[in-house]
């Protein structure tokens, strides 16, 4: 075989074309001999090679039998920006259109998946014309399919599951994938997720009342009726148990040498995950006292204080009992009204009202109806007879009221209340009202209860009243010597939980 050796082959003319061989010839390069192409190479006709390599020797395209391999192990093969591919076929998935969240009626395209937000209103997704192998997916973006449905509409006479009818997605968090099979069945659903897989919240979220924050805890304070709405529960069950204080309205004090009003019933549960100092009446260990929330609205009832007994003289009504407070099925009973001179009786309640100084008698029973821990204590026993006709104090949440004794020189005090830091600072609540009949008047039992009045018209309750219990403490009203009894203080409901 002849052999020609040259350093360079150049075109004979300036046409820039070098022809190697004639038509019908094959020009071969021996195996293992590298071919280097500078700048651009334009090939007319077929360029045959077992492997095409880059300048660094890496294989770009190679063939073995009927298998063509693009790239080598460890390489990344990508399409240039703006380029498209055909003939590779689908893998049964879609390209999710994350940059275009759908909020109104739209027409889907084959091979695409859509996140659909129907939180504003219901609307339609129109399917493309059915072609065998076409695929479309859709997912509930805002968990709103249950309130505002997405309707899937087939194109023309195409079918969805053998029927030329719309399909309605109405499950919260639902996602589906539809594949067009043929004209008999049309679009068939190959995936239907009716479960709502979402990141799980660790803590409760809620609204209602006056909201304050202390560390990792939210505190909702209700000084009147309202609604505590839980918008999200926690994944950890312990975090769904609410710490709470429920105090009912205090009873009104009696008139004319009378007993003090009993404090409103006091209920408390401290969940250990919400750190604060609870009162001795913490009922957490007992499951019936707990409120474990779900995502719903809870009605809050805050009881008002009872009116004081009317004056003048015997035969007038005693102090009025306070009203109940409640949250989540837990109720604090209103405090009992204090007894008037020579008439009526000391009422039972969360804490009982005190007996009067004319017509001696026992105070009203506390913890009525009975709960555990006790929500309150009985009122004190009064003593009849001049010059020591003396009423008795109303019961408090923390202790029984003082009993009358002669000759003591003073009127008995109301029963002591309790203190909690559930609002993040000490708060005294549910003290019994002080009595009257002897000077000085009995002191209130703390926690918003009030002293009795020894002088007609000298109290803070009105032109002929005595000292009322402080609002939103459940304190009992003070008894009066010659005027109207003091009104009981209104109740309060406080809820505390961990929010972060």
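Read-outs throughout are calculated quantities, based only on the coordinates presented, and are distinct from any laboratory measurement. For clarity, every value in this text was computed on a predicted model and none was experimentally measured. Glycine also receives a Cβ, built like all others from the backbone with ideal geometry; neighbour counts cover every protein chain displayed.
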- prompt: Roughly how many whole Å is it from the C-alpha centroid of segment 469-500 to that of segment 223-270?
  reply: 11 Å
task: Can you tell me the FRET efficiency between residue 143 and residue 286 if r is taken as the Cβ-Cβ distance and R0 is 30 Å, rounded to the nearest 0.05?
output: 0.20
field: Chain lengthening between residue 229 and residue 3 when straightened (0.36 nm per residue, less Cα-Cα)
entry: 71.8 nm
statement: Rounded to one decimal in nm, the spacing of the 7 Å Cα→Cβ label points at residue 153 and residue 119 is 2.5 nm
statement: For 284, 298, ascending order of other Cβ atoms within 10 Å (fewest first) is 284, 298
field: At 0.890 mPa s and 25 °C, Stokes D of segment 320-359 from Kirkwood alpha-carbon radius, µm² per second
entry: 230 µm²/s
- request: Calculate the spin-label point distance for residue 26 paired with residue 183, positioning each point 7 Å from the Cα along the beta-carbon direction, and give it in nanometres.
  value: 5.0 nm
query: Roughly what % of Cα-Cα distances in segment 252-375 sit above 26 Å, to the whole percent?
result: 31 percent
- prompt: Taking only the alpha carbons of segment 95-193, what extent do you get along each of the three principal axes, in Å, biggest first?
  reply: 35, 24, 22
- request: Could I have the simple spin-label model distance between residue 372 and residue 162, label points 7 Å from Cα toward Cβ, reported in nm to one decimal?
  value: 6.3 nm
- request: Calculate, in nm to one decimal, what residue 192 and residue 18 gain on full extension: separation in residues at 0.36 nm each, minus their alpha carbon distance.
  value: 56.3 nm
message: Cut-off is 10 Å between beta-carbons; in what order do 495, 300 appear when sorted fewest neighbours first?
response: 300, 495
- prompt: At a Förster distance of 51 Å, what's the computed FRET efficiency of residue 132 paired with residue 211, Cβ-Cβ distance as r, to 0.05?
  reply: 0.30
- prompt: What's the extension gain from residue 54 to residue 425 if we count 0.36 nm per residue and subtract their Cα-Cα distance?
  reply: 125.9 nm
- line: Fewest-first ordering of 61, 160, 492, 246 by Cβ atoms within 10 Å yields 61, 160, 492, 246
